[in-house]
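Notes follow the structure.
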Amino acid sequence: MDNRPIGVFDSGIGGLTVLKEIIEQLPGEDIIYFGDTARIPYGTRSKETVIKYVFQSFRFLLTKNIKAIVIACNTASALAMEEAQKVFQVPIIGVVEPGAKASISATKNNVIGVIGTEGTINSGSYQRKIRKTLPSGEIIGVSCPLFVQIVEEGWENSDVAYLTAQKYLLELKEHNIDTLILGCTHYPALRYTIGKVLGDKVTLINPAYETAKATKVLLKEQNLLSGKSDGGKYNYYVSDDPEKFKRIGGNIIRKEISAVQKINIENL
């Protein structure tokens with residue numbers, strides 16, 4: 001048993017969807033969350049820049065004596081996870097592999113859609129993971145950058161969200177996908193709207209939920225689960241504007257975020 005906290009890292013606020021799932025599946029774990037809100041979005045950055053940002057964020061989390069790191073960001077998982085695993089001597093879990101595995105289990109016709117940021121889609125990370133197990137599969141990736149802003153404005157169930165989803169998801173409907181990976185941590189908040197557009201014959205895969213499951217398995221396998229029976233403690237850090245994070249983040253995790261500390265990540 002190990003009562004050290006889990007580190008959860010995201011480029012901003014969307015990773016709180018992963019945090020929410022971890023809290024539900026691992027209620028006894030303490031968590032340190034860092035959102036790099038000063039440098040969001042990562043989805044339009046170069047691979048070299050994303051790796052730099054991820055390494056700085058990891059160095060901050062390691063000052064908190066964490067026992068594992070969850071990269072709660074699809075772009076960071078896609079572009080920087082392999083490099084981070086070579087450098088940092090701590091268990092690291094990303095969101096791409098758990099989401100890819102779940103989509104393979106769910107599909108019946110082997111036609112899988114992936115939506116995400118430009119960086120995630122262009123990286124081909126989900127496509128590569130899926131094709132290792134499903135070489136004959138058809139994987140269609142579509143970038144949906146406006147979804148992030150829609151969620152952060154709290155418009156996920158609005159007409160704006162529905163019309164935007166219709167436009168973005170048209171290509172996926174034409175390919176007759178039966179499974180869709182919500183490949184950005186903001187997107188689970190749009191699950192209802194996306195489901196309305198695609199219909200109930202398309203299974204929506206939430207990598208946040210799958211990542212929390214994978215985190216629980218990893219901690220158990222490595223004897224790192226907390227021995228606490230009471231609820232975990234959660235500490236939040238950002239690189240810019242704590243007030244916006246508290247307001248939007250509270251809506252995402254469905255509980256008040258009372259304290260957020262701002263840090264200067266560029267120093268690390």
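The values are calculated or read from the model by the stated rules, or taken from the named source; none is laboratory data. Bear in mind that the values here come from a model prediction, so they are computed numbers and not experimental data. Cβ sites come from the backbone with ideal geometry, for glycine too, and all protein chains shown count toward neighbours. Ligands, DNA and RNA are stripped out before the accessible areas are found, and what is left, the full protein with its side chains, is counted by its heavy atoms. Shrake-Rupley method; radii C 1.70, N 1.55, O 1.52, S 1.80 Å.
Here are a few things to note about the model shown:
- Shape class of segment 26-151 from the alpha-carbon gyration tensor: prolate, with a/c at 1.5 or above and a/b greater than b/c.
- Modelled FRET efficiency - R0 25 Å, Met1 with Arg131, Cβ distances, 0.05 increments: 0.05
- Evaluated at q = 0.07, 0.09, 0.11, 0.12 Å⁻¹, the base-10 log of the normalised Debye intensity for the chain, with identical point scatterers placed on the Cα atoms, takes the values -0.22, -0.37, -0.56, -0.68.
- Protein accessible area in segment 97-207, 1.4 Å probe - carbon and sulfur %: 50
- Taking Cα centre as origin and charging only the Cβ of basic (Lys, Arg, +1) and acidic (Asp, Glu, -1) residues, the dipole magnitude of the chain rounds to 460 debye.
- Farthest towards the positive end of the charge dipole of the chain, among the residues Thr120, Tyr162, Leu268, is the Cα of Leu268, using unit charges on the Cβ of Lys, Arg, Asp and Glu.
- Near the amide H of Val238, within less than 5 Å, lie the amide hydrogens of Gly35, Gln261, Lys262, Ile263, all on another chain or at least 5 residues away, with H placed in the peptide plane.
- In terms of its alpha-carbon gyration tensor, segment 97-207 comes out prolate; a/c meets the 1.5 threshold, and the first ratio a/b outweighs b/c.
- Over the chain, dividing the summed -39,500 (n - 2.57) contributions of all DSSP H runs of at least 4 residues by the number of residues returns a 222 nm mean residue ellipticity of -14000 deg cm²/dmol.
- Rolling a 1.4 Å probe across the protein heavy atoms gives the chain an accessible surface of 45 Å² per residue.
- Take the Cα of Gln25, step 7 Å toward its Cβ, do the same at Lys220, and the gap between the two points is 1.0 nm.
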